[in-house]
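Here's the structure, in structure tokens; my notes come after.
The values are calculated or read from the model by the stated rules, or taken from the named source; none is laboratory data. Given the structure is predicted, the values throughout are model-derived calculations rather than measurements. Positions of Cβ are backbone-derived with ideal geometry, glycine not excepted, and every protein chain shown enters the neighbour counts. Quick note on the areas: whole protein, heavy atoms, side chains included, nothing else; ligands and nucleic acids left out. Shrake-Rupley method; radii C 1.70, N 1.55, O 1.52, S 1.80 Å.
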Amino acid sequence: MEPGDAKNREALRLRLMGLGDSSLHKSYYPELQKRLGELERFRTLLDRANDAIFLVSLRDGCVRYANASARRYGLLLGAKDLQLQCLPLQNLLLGGNGEGVDMDRILAASAFDSGEEGRCVLDLFTDEGLRRCELSVSVPETSEDAHAVLILRDVEDRLAAEDRLRETLHQVEEARSRTVSLTAAIVELKDSFTGQHQRRTAQLASAIGRHLGVSGGELYDLVTAAMMHDMGLMAIPTDILFAPRPLSEVEWLLVHRHPLIGKTLMDRENFPSSVSVPLVQHHERLDGSGYPHGLSGCQIVSLARILAVADVAEAMSSHRPYRPAHDRSAVLAELAAGRGGQFDVAVVDACAALLEEGFAFAPHPVEELSQG
């Protein structure tokens, strides 16, 4: 640049600011030039942002500013010059339906509330095609000529990855449900008493859990643990399981290992601890008199406390080779005797309420085994 060109350019700046060469206010020029430099620097920083940034007038819905990243969207695709003064936003952003996106749609979709930031995800056309974009909107001022600040971020890759993860987890849960159902069926083929006991215990545990406010994945874990809680008995000799007599001390020691065997099998198949822990603890008692580890109090997880009561109530309600089924009053008396000692008070009360209301075991598997 020739010296004369620089001088002419500076003179032009002075005239544009109302500061002629002979102006008495010419001394303000260095400060104004500094401020202009700061504005240019801020503009450069905004243009370097990966997110698209728009400044939109709420009065007329027109764009007053857009950074360089805004060229990725709608009618600005590949634009080299962003002359956006007074262009309506709906002429710049194109939605998935091919129609322009205006401020009314954005404010409605983002549930925007005055003084707070609103957020939403919109399908928008970009230089990579139709993409899901996260949009945040805020209004930092409250004047009559207020402007909204819109920030657009392409989140298609992230959401696509989340979609794939959800699908994978869904497939894993379906496989897990099939494993539970198959295992329960195998147990029932070998020992119909144990198989039916597991299924009926799951029904009662599910009802108790819902009564206590257990829901969602936690309820699913409870039912899964109940459906498989006695599968470790498959490692116990049949003549011991079906012995029509009291078991010897050695035989009881062997039977007492079935929760540990069941947990070993679950760990081998990578079941989560939210299922395997209630399973291995279903014979533990709050007063420490249970097995296999003699846990007490808060050492026993809440789902195991539910499973323990459901297990006992169902076992007493069903026929066994060595005794007939107990009537409902005997079951309630047994639970009342252990209330606050062996068994959790809230769980006993929930189970008793269900039995007194006429709870009945259904002949089919519990519905919660199919999640999703």
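Points worth noting:
- For the set R105, R166, R305, solvent exposure ranked by accessible area (probe 1.4 Å, protein chains only) runs largest to smallest as R166, R105, R305.
- Just the protein heavy atoms count here, and of the accessible area of the range 185-319 at 1.4 Å, carbon and sulfur take up 57 percent.
- Alpha-carbon geometry of the range 249-362: the Rg and the Dmax are 14.7, 41 Å, given in that order.
- With both labels modelled 7 Å from their Cα along Cα-to-Cβ, the E116 to A362 distance reads 4.0 nm.
- D (Stokes-Einstein, µm²/s), Kirkwood Cα radius, the range 125-186, 1.306 mPa s at 10 °C: 101 µm²/s
- Semi-axis lengths, Å, the range 200-282, gyration tensor of Cα atoms, sqrt of 5 times eigenvalues: 27, 15, 9
- If only the Cβ of Lys and Arg carry +1 and only the Cβ of Asp and Glu carry -1, the dipole of the range 252-326 around its Cα centre is close to 160 debye.
- Quarter of the Cα convex hull surface for the range 141-266, i.e. its orientation-mean projected area (nm²): 14.0 nm²
- Using the average count of surrounding beta-carbon atoms within 10 Å as a protection proxy, the listed peptides 202-211, 52-61 rank, highest first, as 202-211, 52-61.
- Evaluated at q = 0.09, 0.14, 0.20, 0.21 Å⁻¹: base-10 log I(q)/I(0), Debye formula over Cα of the range 87-208: -0.52, -0.72, -1.12, -1.18
- Pairs of C-alpha atoms in the range 91-141 farther apart than 18 Å represent 30 percent of all such pairs.
- Cα-Cα separations in the range 220-265 greater than 14 Å, expressed as whole percent: 52 percent
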